[in-house]
Each structure stands twice: as structure tokens, then as C-alpha cells.
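Asker: Just dropping this structure here.
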Amino acid sequence: MLLSSLVAQASPLSEQQVQQLQGLVSQLNPIQQAWVSGYLAASAQLGGAQTAAPAAAAASSASLTIVYGSQTGNARHVAEALASLAKAKNIAAKVIDLADYKSSQLKNEQYLIIVTSTYGEGEPPENAVSFYNFLFSKKAPKVPQLKFAVLGLGDTSYEFFCKTAADFDERLAELGGQRLQARSDLDVDYDAAADSWNNALINVVEPEFARAPSAQVINWPGQAAPVAASQYNKQQPFAAELYTNQKITGRDSAKDVRHIEISLEGSGLTYLPGDALGVYFENDPVIVTELLSLTGLEGTAQVNLANQSLSLTDALTSQLELTQSYPAFVEKYAAASGNDALQQLATDKTALRSYLAVRQIIDIVREYPVTSTSISAQQLVDALRKQQPRLYSIASSQAEVEQEVHLTVAVVRYDAFGQPHVGGASGYLAERLAEGDRIKVFVEQNNNFRLPANDDTPVIMIGPGTGIAPFRAFLQERDARGASGKNWLFFGNPHFTQDFLYQTELQGYLKQGLLSKLDVAFSRDSAEKVYVQHKLRKHAAELFQWLEQGAHVYICGDANRMAKDVHQALLDIVQQQGGKSAEQAQLYLDELRVAKRYQKDVY
Amino acid sequence: MSQYPIKPELQVSGKLSDNERLKAESDHLRGTIKQDLDDEITGGFNGDNFMLVRFHGMYQQDDRDIRAERAAQKLEPLHNVMLRARMPGGIITPKQWLAIDQFAAEKTLYGSIRLTTRQTFQFHGVLKPHIKPMHQFLNSIGIDSIATAGDVNRNVLCTSNPVESVLHQQAYQWAVKISEHLLPKTRAYAEIWLDEEKVETTETEPVLGENYLPRKFKTTVVIPPHNDIDVHANDLNFVAIAENGKLIGFNVLVGGGLAMTFGDTSTYPRKAEALGFISLEHTLKVAEHVVTVQRDYGDRVNRKNAKTKYTIDRIGVDTFKAEVEQRVGVPFSPARPFEFTSRGDRFGWVAGIDGKHHLTLFIENGRVLDFPGKPLKTGLAAIASVHQGDFRMTANQNLIIAGVPAEQKALIEQLARDHGLIDESHSEQRKNSMACVSFPTCPLAMAEAERYLPELVTKVESLLAKHQLADDHIVLRVTGCPNGCGRAMLAEVGLVGRAPGKYNVYLGGNKIGTRIPKLYLDNVGESQILSELDNLIGRWATERNSGECFGDFVIRTGVVAEVKVSKTDFHA
């Protein structure tokens, strides 16, 4: 009997087992099939103790495959929380970074849960790109066996809110998968909603796993979390001492970039080059005071936030988001303040987005002030969303700085509507925090931005602006390890004299030979703007040679323009230098990505 | 290396200084400057190139005011170059002026044109990407900066005497010829900056030598009785001797120089002394061989003793003279009598014997820039756009609008007044005070000079006024280090920087610049300087002989001893 025509009714196997068997065998060559048949026969003769199980337990051999597409770690956290819930219910679950997920596995997958963010103009996060491309390619298999669910994380301020989640959701259905539960698209303040979505999902799948003998949560493929156990994390950040706040752009620079050094001493927190540091901040007291004054509310008024009672001032200062604005605030605030014009604006999504793009919360309230008769302290608090910590790519290696962590922070500062504006976290770090003060931090690991395990492997780093941060960490690490692989850094910024971040350090690395090559692009120093991608193209032949020698390529910095321009430059270089077609060049980079030789940390 | 037999007993033996190595290895001043221009990681020059660019007329500098700040910012110093143009005699056309005016505004960090004590202009704060375009731009207007620094003969000065226009024209022509004759022959400048092809010939330096000179070398042409170019600050001086208003030859003075090193008594400022008179036809030959004798016998072991003045003191002026005579093939005649009567510039209008008019403008510190209420730079550009004659930069950092026809006088004067270029409130004291550039650009600066001078002058003015001497003046000069750019070692009161706010005070030079002053106060601050000057000016006011200048007074009354022979007297 041919396996392809095997049906459950004609065999002692359940329908699901038949599918599994078909799936397995389809991957085996004749020799492997022969070996498996012998193995199973022998196993059965020994009594089948290890493998024999009632047919009804078939589902127990399945597990929840939870994958995440994550730029900042949020989706990973939600995925891990889901796995923990599963474990508590004895449901086997494994959490897989989408960058590590084998696309060929999809046709055999039974339960697939996708938690994903979206970035830029509706694109998948970097670690999900390969899977996304596969899913939308002709190679994508029909998945009638698949039960799935998708959870989107996003920010309603963006036009393409949760687009990647929607894409996955629709595509899997199109390919024949069945939804375990409806997709949810969650805004920045996602914690509670994610919990309930996860719980609901577990309730749905639990019956299918009811008889599972044992369950385990597997972090797969096990590369994750070398981070030593620390009691501090995103939920319980460590109050770390700020050691150094040093401006590293020149006095005539249009940019204010700070080199920040923070002590992790006593925290037990560790990190690897490539990781990010999460930072909680306090809002500017001047803005808090003005907000109170504009709303006519008393700072001492008690409000409720996440089941805690605290003063309005405290809530506004350290719990709520005041710098980044978002549609939900306008909707709730407009309703509470009864302002018609604002309510009108809230209904036009496109207009609202462009209105919000250039405004902080305070700008909206300045423009549409209210009196205490039309908004209560609690209403204001309910209109605002919880502060999200900001993530900064770590600019140091513990191999060099030990208990410290360094950041490269561009201070967001601009004038608008006749008023100076400062970024929330960057303003806090740069202006309001004194050296010696404490700041709440946690480590956010990023396994998709890692140095090659082999120290001999050449490394190409492309990091204009503050994108240089992780490469400072890389260089420190390679230096401390005595790594013999070549290192090539591309850096760019507006002006050579003012904006050459870490110039003297890089000069030292060049002199000592740690940096094999350093190419810089200062866009505003010549009539024609020169960017890093131009420098890449200038060195196309050598760059391709490095790639052929097995170099890893890293990009860090601006996602919207730089990373795309650099990607295009790489495609062109591979095409021209490798004598390839556009499709072959694309494939070449895709393969680099899959091999983790092409990694991005872009924002 | 010399075509003349070398007398080893006249040479200094020992391990050559590192500068000799770098010149020898430089491939006739090329080094790896070209590669450095393509190095985008630093704004400076690497290794030997740092020194070699000097031979091309540039100094690598940085903004010293913000050096520490930038170090904390993990940024290298704000490297840039200062360019010193080669302008023998300091004559520049209005068209050239307009061009450099624009370049200074657009391509330099400080936006200024600096008129310097070397009778030329400098650009300060040129960033690396602008350096090569700068040379090409200068070349397009007929200006270069070859050998205005480094161990070569530098820009040749010539008295700015617009009145004796015929004599001046002749002397000026000689300044140009001497400058050309003593230029390096290497094509390095043309290749590096002007992209000219490398010519496959065996390059030699018949005059300067393959290793160039032991140290910098300065030459002037002076027209007595005016000593505006300060002969005693220079290695080689041609003193114009005229008969019936016509140039017939030169007295040759050698061995002047003002630089010294603190704490090293083997170094000292020294006056030039006469070798004798030569007729015109021997001028270039004599210039060449004063240079070759210094080339062959100057100290190449100890750079601090490498200048011509020390060579002469070491081998003796008679030996030096005999060597020059032997090489020229003509003996010196006895020096002709001449007299210096003045050193400062004659401000305001003068009429030349050719019927043209000349307006000398006082430019404080030589700094051509638009100041609040005094748009000097704009004013000079406005004048340049209508002026039909030329401009003459003086060795006192001032500017002459020369060759103005009578019908344009009123227009030029109006423009000058409208832009603050004529300011009757400037005292004689201010017009006779001078400082070098110093902070923030000069890497050698130990104390403020140019930025300090205006307020110092104001304080000295009030001391003079206090003692009823407001119309009198003292030649006052401030220099930021002992290298002598501000020529404080020929001042009646000379301040030489020791450390921020601290100076050595030297007294006893004279009005005409023929006496070296002597140390009076060592490493002191302003309050002590002013209280001592108050006391001395008070004494001068009451005890002076009729018309006696301050420098003469302090010598006569024994406030300081006279420096007659520098080698023995200066440190005594």
C-alpha cells in the first residue's frame, strides 16, 4: 500500500498520525525509510514501552510552536509568556525566533502561533523577513493540517499598524490553515490585552492537549539566553547609577549625541554585544507642571493606575507617556474635553496621523486646553497610555567594561509651535539626570545581532549615526577576545569635524590594526551628499571579496532610508561583482540572512 | 652635496636632528602628502607630512580653545591649516584681493584675512578638503605659497615706501627676483597641489641643497631711512643704496634673528651685521651664496642653534664673509653709510613723486574681518572693487591703498571712513603696537598675544595719559612664545609669553629697531607689568632728555643694561 493513499480508516493509525507519518516519510530517502521500518519493527518487538501510547494520545506528541517576529523583544516576551502559560497547563510548547524557524517545517506543523510586530511601512521585522518571503512565495505549501493563531503588536500612531500580523493571518488561512482564535492587533500598551489573548488561546487548545503526559517549554534552538539569571528584567528594572554623560558631537554640531555610561554593579545583569538596554525615564517636571496648569488639575489628586493609587503628579512623571503622542489619546481626550474640532480630527485617521507626527501630548493640550469642569484627573490618566521603556543598542562589551554598560544616545530636540521640545528618555538621560543619579534599566537580548562564533570570520559593520553603537561593542569584544578576523566599519554623519562619533577611539583601533578598514561618509561636507551606501559601492569589488570569504554583514541605524539604501547597494554589488541576475543577487542575500551572516538592528 | 669644497672644521659634527632625516627621506618635499589628502579619518597630516606641508606654506594648527573639550568628546583636535602666501614685497592687486576676500569668507573657519609681520596674508582655519582647492584657486589668481615656511628662504620682504616710487619699484623688483632665485626647485608643489604631471628628470636643489637649509631663513630688501621690515629680525638684508634717487647697489647685512628658547642661554636674539657693499649685478649671486654658506655650515645637529646668526657667531663673521666672497668670486666693498630714522608706517595720505596718492590704513593686529561697527573686510572689498592701483601689505601688519589717482582720492577715503578703516581715535601708541597671532590657532603659543594686545594698549594709553604723555608712544610688542613672530625682541617694551597670563618683560629696544632689549621682569602677570610700567613711565616723563625715547631712557638711566653683543650681553 502506498503511503500517499493511506487513510486512517484502513489502518490502526488516527487521521492525525497518518498525516504525521506522511509528513515524515515524504522527507526520507529510500535508505532512510528502510532504516525507520527496521527501527520501528525492533522497537515493537521490545514491547513498544517507550513509544506505544493509546491512539487518543496522539496529540500529545504535538506541541505548540510559538514563533515571534520581533524588533525590540516585545513579541518575544509575549511568546515566552504564552509558552509559560502552556507549560502550566502541561501543554508542550517551543518558542522559536522566526529567524531560526525552518520554513520547510511549515507543511508538517500542527499548531503554529505567531506573535509579531511590524515596522517601517508595513514591513516584517528583520528576523521575520525570510519566513515572510517564503510564505508569500510560490514555494509556500498548502497547510490543511495547520491550526494557527496570530497576535500583532504595534503602534496605532503608524499607518501600517500591525500589517505584518494581518498578512500572516490572511496568508495562512489562504493556504488552508484553520484559525484557533481570531487575531488581535495590540497597541503599544499591550500587556493586559496580550495576557488575555494568550489565556484565551490556551483555553482553546487545552482540550486538544488534555492527555499530554508531560510538557516542556523549549527555547529552540537553544542559542538564546546566555544571560545569567538576574532578578532584574523589564517588569522589575534595576536602578542603575549613571556614571557618565558626555556629549560626543562638536560644539557646532546640529546634533547632540551623548555617550552614556551606566553601572550595572550589584544587579547581576549581563549582556552580549548586540543586546539592547531598556531604559525607563521620568518626564520633564516642567511639562508635567504645565499639563496640570492647562488642565486645571491638582497634582495631588489621587488617581488609579493598574490597581494602584498614586498622585496625579507621580503618574504623569514616571508612569505615563507624555512625549510620544498616539491616536487613542486624542480620541479619549477629545471625548473627555468635549472639544468638537478635536473630536472631528480623531475621526480622520490620516489627518490624525500627520497631526500627531509632529506633536507631543503637551502640544495637543496646549492647542486644545480644557478646564477641570470637563476632565477629571482619572480621565486624563485613562486617556494617556503607560510609558514604554526605550531601547538603546548597547555600545560596550563586558569583556572590556565589565560591570558597566555604555549607550550612544541622540538627544531628540527640536522647536515646534514656538516651543522647544525634548525627547522623553533622551532628554532625561542628557539633561535631567545628574551623574550619580539612578535610572531604571534592564537588558533586552537580541540574538539576531551577534558576532560570528568563529573569531576568524571577517565582519563588515555598517552603522551611520548612532548606528555605530553596537559596533563599538563588537570592536571591544573582538579586541578583548583577540579575534583574528578582519573588521571593516562604515560610518557616516553630516559633518566630519562635528559628528564623527568615537573618532579618536576608532583612530586608535585603526592604528592598532583591530579595524582593518574604516570608511566614512560625511554627507554635508561636499556639494554632493555622500552616504555610507556610496562608500559601499565605491569599494564594491573588495566588499564582494569579503562576502565570498565568509564575512558577516551587519547594519545598524535608520530603518526607513539608510537600511533600504544599503540593502539596495548590497544587492547591486552582489549582482555586478558576482555576475549575477537580480534574482540571484536577492537569493544570495537571502541565503546570507538565513545563515545569519546578514543581520540588521534598525529602527 | 656642495659644489664648493667643504671645510669640515666649520661644520658641527654629531647625530643629525630628526628634521634632517625627514627632509632626506621626503623625496624633495613630497613625502606622502598626497595619500594624506585622501585619508578621511583625520583632518590632520600624519608623521613627517606634518612638517613637510610647512615647506608648501602651511602649518597644521587646531583650535586650541576647544582642544580639551574635543578630547572629552572623543573627537580629534579641530585640525586645520594656516596658509601663508608668498608675496614678495607684499604687493597684491585689487582683483587678487577680491578673490582672497571671498575665499576667506567661504572656506576658512575664522573668515578673516590676516596681514602678517612677514608682509603677506594668511588664511587661518582651512580644513583638509579645502586645502587642495585653495592652492588651485590661488594659482588661478597668480599666487602661491611655496617655501613661506620650513627650512628654506621665506617670503622676501621689501620696504613699503610708496613715496620714493621709482626707488621702491626697483627695490621691489629685486625682492621678487631674490625670492624666485632662492625658491626650491622641486616640483612637489606643482604635483601635489596643482595636479601637474611628474616629470621624469633627476631633480636637484643646487642652491638650497638636497636636505634644504638647516633652519628657516629670512630675507629683506630695505630702503633707508625706513626700517619698517626690521632688518635685525632677518638672516639676510639688502640695504638699498641710491644715488640721485636711483638704486646702485646694496649693503649686505647678515645674521639677524629674534628667536630664542627659554632656559637655553645658547640661544638669543641677535642683530644683523654688515658684510659690505655690493653693486646690483652681484645681488642674486650674493643672495645665493649667503644661503649656500649657511646651508653648508649651519648646525644640522642642534636645531636650536641652526640659524645663520649662530653660524656667524660660531665661525666668525670674517670667515663667513670670506666664504661668501670666495663663492661669489667678488669681494665686498666697504659698506656705504646709511641711516634708519623710522620703523612704523606713515598712516594717512602721502603723495608719491610719481603724482599718485597712497593711503596707509591702520589694521589692528592685521586682522581683516568685519567687526561690530567696523566692517573692515567689507570696506576693503568695496575699495578693491573700485581701486585702480594696488594694495601693499606692510611688515607692520597694515595696508596701503597705493597708486590712487587724484580724482579717486575722495571716493577711496569715503569708503575707508564708512567702513571704520580710518579711525582718528587710534592713538600713536596703538599704531605702534604689535602682536603675533598666538592663541587660539598657533600651536606654539604659550600666552595670549593678538587677543590681549588691544586691552593692554588701552591700559598703557592710560598710563601715558596719567603722566601727560598721551601724544607720545612706546614701541610695544607682544609675542605669544619666544619664537619671535611679533618681533618683541626689537621693541622698547617687549612681552614674550611664558604661560597663560604670564610674560617676560624686556626693555631697551629703540624706535628704529637697532637695539635688542634686555630682560627686566621674569614670568610676571599683568598687574605687576602695569605697576612697573607706571613707575618707569612716570620716571621717563620727569627725567627724560628732550625727545628721548623710552628705550633710550631705560638704558641711559641703568634700568637695564644695554645689549651690545647678544652672545655675551643678552643673558648676562
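Rule-based calculations on the coordinates, nothing more; no lab input. Keep in mind that what you see is a predicted model, and the values were worked out from it rather than measured. Cβ coordinates were reconstructed from backbone atoms using ideal geometry, including for glycine residues, and neighbour counts include every protein chain displayed.
Asker: At 222 nm, what helix-only mean residue ellipticity would chain B give, in deg cm²/dmol to the nearest 500, using -39500 (n - 2.57) for each DSSP H run of four or more?
Answerer: -9000 deg cm²/dmol
Asker: Lys pairs in the stretch A:75-195, Cα-Cα under 24 Å, at least 8 apart or on separate chains: how many?
Answerer: Lysine pairs meeting both conditions in the stretch A:75-195 amount to 23.
Asker: Assign unit charges at the C-beta atoms only (+1 for Lys and Arg, -1 for Asp and Glu), then state the dipole size of chain B relative to its Cα centre in Debye, rounded to the nearest 20.
Answerer: Roughly 640 debye for chain B.
Asker: Could I ask something else about it? Please work out the FRET efficiency for the pair A:Asp565 and A:Lys87, using the Cβ-Cβ distance as r and a Förster radius of 51 Å; give the result to the nearest 0.05.
Answerer: 0.70
Asker: Let me ask something else about it. Take every Cα pair under 8 Å in the stretch B:217-288 that's 6+ residues apart, average their separations, divide by the length, and report that relative contact order as a whole percent.
Answerer: Relative contact order for the stretch B:217-288 comes out at 27 percent.
Asker: Work out, step by step, the length gained on full extension between B:Asp39 and B:Arg67: first 0.36 nm times the residue separation, then minus their alpha carbon distance; give nm to one decimal.
Answerer: 8.0 nm
Asker: Additional query: I'd like the antiparallel share, as a percent to the nearest 5, of DSSP beta bridges with both residues in chain B.
Answerer: So the antiparallel bridges amount to about 80 percent of the total.
Asker: Another question about this same structure. Taking the Cα centre of the stretch B:208-273 as the origin, how large is its charge dipole in debye, to the nearest 20, when only Lys and Arg (+1) and Asp and Glu (-1) carry charge on their Cβ atoms?
Answerer: Magnitude of the dipole: close to 20 debye.
Asker: Average projected area of the Cα convex hull of chain B, in nm²?
Answerer: 25.9 nm²
Asker: Give me A:Tyr232, B:Tyr506 sorted ascending by neighbouring Cβ count inside 10 Å, so fewest comes first.
Answerer: With the fewest neighbours first, A:Tyr232, B:Tyr506 line up as A:Tyr232, B:Tyr506.
Asker: Extending each Cα 7 Å along its Cβ direction at B:Asp569 and A:Glu402, get the distance between those two points in nm, one decimal.
Answerer: Inter-label distance under the simple model: 6.5 nm.
Asker: Direction-averaged shadow area of the convex hull around the Cα atoms of the protein assembly as shown, nm²?
Answerer: For the Cα atoms of the protein assembly as shown, the hull's average projected area reads 61.6 nm².
Asker: To the nearest 20 debye, what is the magnitude of the charge dipole of the protein assembly as shown about its Cα centre, counting +1 on the Cβ of each Lys and Arg and -1 on the Cβ of each Asp and Glu?
Answerer: Roughly 1880 debye for the protein assembly as shown.
Asker: For B:Trp349 and B:Leu530 in the same chain, what is the full-extension length gain: residue separation times 0.36 nm, less their Cα-Cα distance, in nm?
Answerer: 61.7 nm
Asker: Report, in cubic angstrom per residue, the convex hull volume of the C-alpha atoms of chain A.
Answerer: Per-residue hull volume (Cα only) is 190 Å³.
Asker: Counting only the backbone N, which residues of the stretch A:541-555 are under 19 Å from the spot 7 Å out from the Cα of A:Gln584 toward its beta-carbon?
Answerer: In the stretch A:541-555, the label zone of A:Gln584 (backbone N under 19 Å from the point 7 Å along Cα→Cβ) covers A:541-550.
Asker: Can you figure out the FRET efficiency of B:Lys185 with B:Arg417, using R₀ = 30 Å and their beta-carbon distance, to the nearest 0.05?
Answerer: 0.05
Asker: With unit charges on the beta carbon (Lys/Arg positive, Asp/Glu negative), name the residue among B:Gln468, B:Ile422, B:Pro454 whose Cα is farthest towards the positive pole of the charge dipole of the stretch B:414-507.
Answerer: B:Pro454
Asker: Sticking with this structure for a sec: Less than 19 Å from a label point 7 Å out along the Cα-to-Cβ axis of B:Asp522: which backbone N atoms in the stretch B:245-279 qualify, by residue?
Answerer: Residues B:260-269 fall inside that zone.
Asker: R0 = 41 Å: FRET efficiency of B:Ser279 with B:Asp195, Cβ-based, nearest 0.05?
Answerer: The formula returns an efficiency of 0.45 here.
Asker: Any aspartates and glutamates with Cα under 12 Å of the B:Lys466 Cα? List them, leaving off those in the same chain fewer than 8 positions away.
Answerer: Correct list for B:Lys466: B:Asp534.
Asker: Taking 0.36 nm per intervening residue step and subtracting the Cα-Cα distance, what contour gain separates A:Glu548 from A:Gln512 on full extension?
Answerer: 10.4 nm
Asker: For B:Lys198, list the lysines whose Cα falls under 18 Å from its own Cα; do not include residues on the same chain fewer than 8 positions away.
Answerer: Counting by Cα, and skipping residues close in sequence, B:Lys198 has these lysines nearby: B:Lys34, B:Lys132, B:Lys185.
Asker: Can you give me the long-range amide H partners of A:Val443? Hydrogens built in the peptide plane at 1.01 Å from N, cutoff under 5 Å, separation of 5 or more residues or another chain.
Answerer: Amide H neighbours of A:Val443: A:Gly278.
Asker: Sum up the charges of everything whose Cβ sits under 10 Å from the Cβ of A:Leu475, counting Lys and Arg as +1 and Asp and Glu as -1, but leave A:Leu475 out.
Answerer: For residues surrounding A:Leu475, the net value is -2.
Asker: Also, quick follow-up: Given the convex hull of the Cα atoms of the stretch B:119-222, what is a quarter of its surface area in nm²?
Answerer: Spelled out: convex hull of the Cα atoms, projected over all directions, averaged, 8.2 nm².
Asker: What distance in nm lies between label points placed 7 Å from Cα along the C-beta direction at A:Ala306 and A:Gln16?
Answerer: Rounded to a tenth, the inter-label distance reads 3.7 nm.
Asker: Given the DSSP H assignment, sum -39500 (n - 2.57) over each helix run of at least 4 residues in chain A and divide by its residue total; what's the result at 222 nm in deg cm²/dmol, nearest 500?
Answerer: Only helices count here, giving -10500 deg cm²/dmol.
Asker: Below 8 Å between Cα atoms, with a sequence gap of 6+, how large is the relative contact order for chain B in percent?
Answerer: Computed over chain B, the figure is 13 percent.
Asker: Could I ask something else about it? Whole number please: convex hull volume per residue, Cα atoms of the stretch B:46-125, in Å³.
Answerer: It is 103 Å³ per residue.
Asker: Would you mind telling me the antiparallel percentage of the DSSP bridges in the protein assembly as shown, rounded to 5?
Answerer: Of the beta bridges lying entirely in the protein assembly as shown, close to 60 percent run antiparallel.
Asker: Could you tell me the ratio Rg/Rh of the stretch B:284-430? Both radii from Cα atoms, Rh via Kirkwood.
Answerer: That ratio is 1.17, to two decimals.
Asker: Name the residues whose placed amide hydrogens come within less than 5 Å of the amide hydrogen of A:Ile555, ignoring near sequence neighbours (fewer than 5 apart) on the same chain.
Answerer: So A:Ile555 has HN proximity to A:Ile462, A:Gln599, A:Lys600, A:Asp601.
Asker: Cα convex hull of the stretch B:357-428: how many Å³ per residue?
Answerer: So the per-residue Cα hull volume is 87 Å³.
Asker: Put a dot 7 Å past each Cα toward the Cβ at A:Lys538 and A:Gln236; how far apart are the dots in nm?
Answerer: Each label point is offset 7 Å from its Cα along the Cβ direction, giving 5.2 nm.
Asker: To the nearest whole percent, what portion of all C-alpha pairs in the stretch B:263-306 is separated by more than 11 angstrom?
Answerer: For the stretch B:263-306, the fraction of Cα-Cα distances above 11 Å is 76 percent.
Asker: Mind grabbing the base-10 log of I(q)/I(0) for the stretch B:438-572 at q = 0.12, 0.17, 0.20 Å⁻¹? Debye formula, identical points on the C-alpha positions, no solvent, two decimal places.
Answerer: So the normalised log intensities are -0.43, -0.87, -1.20.
Asker: Over the residues of the stretch A:236-350, compute the C-alpha Rg and express it relative to 2.2 N^0.38 Å.
Answerer: It is 1.44.
Asker: Got a sec? Which residues in the stretch B:212-246 would a label at B:Glu25 touch, if it sits 7 Å along Cα→Cβ and we count backbone N under 20 Å?
Answerer: B:212-215
Asker: Determine the principal axes of the Cα atoms in the stretch B:214-276, then give the extent along each, sorted from largest to smallest and rounded to whole angstroms.
Answerer: In descending order, the Cα extents are 49, 21, 16 Å.
Asker: Once the Cα gyration tensor of the stretch A:441-533 is diagonalised, what are the square roots of 5 times its eigenvalues, in whole Å and ordered largest first, as equivalent ellipsoid semi-axes?
Answerer: Here the semi-axes work out to 24, 16, 12 Å.
Asker: Can you count the Lys pairs in the stretch B:214-345 whose Cα atoms are under 26 Å apart, with each pair 8 or more apart or on different chains?
Answerer: The number of close lysine pairs in the stretch B:214-345 is 25.
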